1. Residue by residue through region B:17-52, note down the ones that are more than 16 Å from B:G68 (Cβ to Cβ) and acidic (D, E).
2. What are the residues in region B:4-43 that are free of Cβ contacts under 8 Å to residues at least 40 places away in the same chain and aromatic (F, W, Y), if any?
3. Scan region B:36-94 for residues that are open to solvent by 30 Å² or more (accessible area, probe 1.4 Å) and in contact with a strand residue (DSSP E or B) (Cβ under 8 Å, 6 or more places away or on another chain) and report the count.
4. Looking at region B:44-66, which of its residues are more than 7 Å from chain A (Cβ to nearest Cβ) and over 10 Å from the mean Cα position of the chain (by Cα)?
5. In region A:1-29, what count of residues is obtained for those that are within 8 Å of another protein chain (Cβ to nearest Cβ) and buried (at least 20 other Cβ atoms within 10 Å of the Cβ)?
6. Using the structure shown, decide if A:R46 is in contact (Cβ under 8 Å) with a residue 60 or more places away in the chain and of a type in the set (K, R).
7. Which members of region A:67-94 meet the condition of being closer than 24 Å to A:E5 by Cα and more than 9 Å from chain B (Cβ to nearest Cβ)?
8. Which residues, taken from region A:6-21, are aliphatic (A, V, I, L, M) and over 15 Å from the mean Cα position of the chain (by Cα)?
There are 2 protein chains.
Amino acid sequence: MRIQEFQKRIEEIYFERDSARGLAGTHMWFCEEVGELTRALRRGQRDELEGEFADVLAWLSTLASIAGVDLQAAATGKYAAGCPRCRETPCNCG
Amino acid sequence: MRIQEFQKRIEEIYFERDSARGLAGTHMWFCEEVGELTRALRRGQRDELEGEFADVLAWLSTLASIAGVDLQAAATGKYAAGCPRCRETPCNCG
């Protein structure tokens, strides 16, 4: 699934509610999910990791939608050509 | 670009260094990027938003790689069919 399709899918499921909640409130949810991912990583809870990564990506996507950012365009624009600092692959920033 | 391709691209650029740094150190970088995104959102810095969203996605991807998680499989597995709680689109969890 393309990044853009995933962001669109999350919009279909959650945009109305998330945009009504607003940027700051939705950012709190996003940070809560980052915390849950952190806990799963710290504890080495492999059975929960996939779901927690999915949740952080979903909340990042909805934040981008509220902010009017196309996540795929942003991601490929910055990283498709290699490290954005040194322009090399692998990164050679040292 | 597919989520899987982006994760692979980030691996090509950064995996050797990030995996050598390890999970905890890479998680610190990830959180630093979340902080930079937060600042750009709070300040309404539209010219920086795209880059900050890209950075958080890149660091989330590299964390997933270190943890052995396929971000696309995780994301689509949880969200492709609608809200994972109520199974509806849009979400009707109330």
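The values are calculated or read from the model by the stated rules, or taken from the named source; none is laboratory data. Just so we're clear, the structure is a prediction, and the values are computed from it rather than from any experiment. Quick reminder, even Gly has a Cβ in these numbers, built from the backbone with ideal geometry, and neighbours come from all protein chains shown. Ligands, DNA and RNA are stripped out before the accessible areas are found, and what is left, the full protein with its side chains, is counted by its heavy atoms. Shrake-Rupley method; radii C 1.70, N 1.55, O 1.52, S 1.80 Å.
1. Answer for region B:17-52, where residues must be more than 16 Å from B:G68 (Cβ to Cβ) and acidic (D, E): B:E32, B:E33, B:E36, B:D47, B:E48, B:E50, B:E52.
2. Those that are free of Cβ contacts under 8 Å to residues at least 40 places away in the same chain and aromatic (F, W, Y): B:W29, B:F30.
3. Within region B:36-94, residues that are open to solvent by 30 Å² or more (accessible area, probe 1.4 Å) and in contact with a strand residue (DSSP E or B) (Cβ under 8 Å, 6 or more places away or on another chain) number 0.
4. B:G44, B:Q45, B:R46, B:D47, B:E48, B:E52, B:S65, B:I66
5. So the answer is 7.
6. So A:R46 fails the test.
7. Scanning region A:67-94 gives a single hit, A:A81.
8. Answer for region A:6-21, where residues must be aliphatic (A, V, I, L, M) and over 15 Å from the mean Cα position of the chain (by Cα): A:I13, A:A20.
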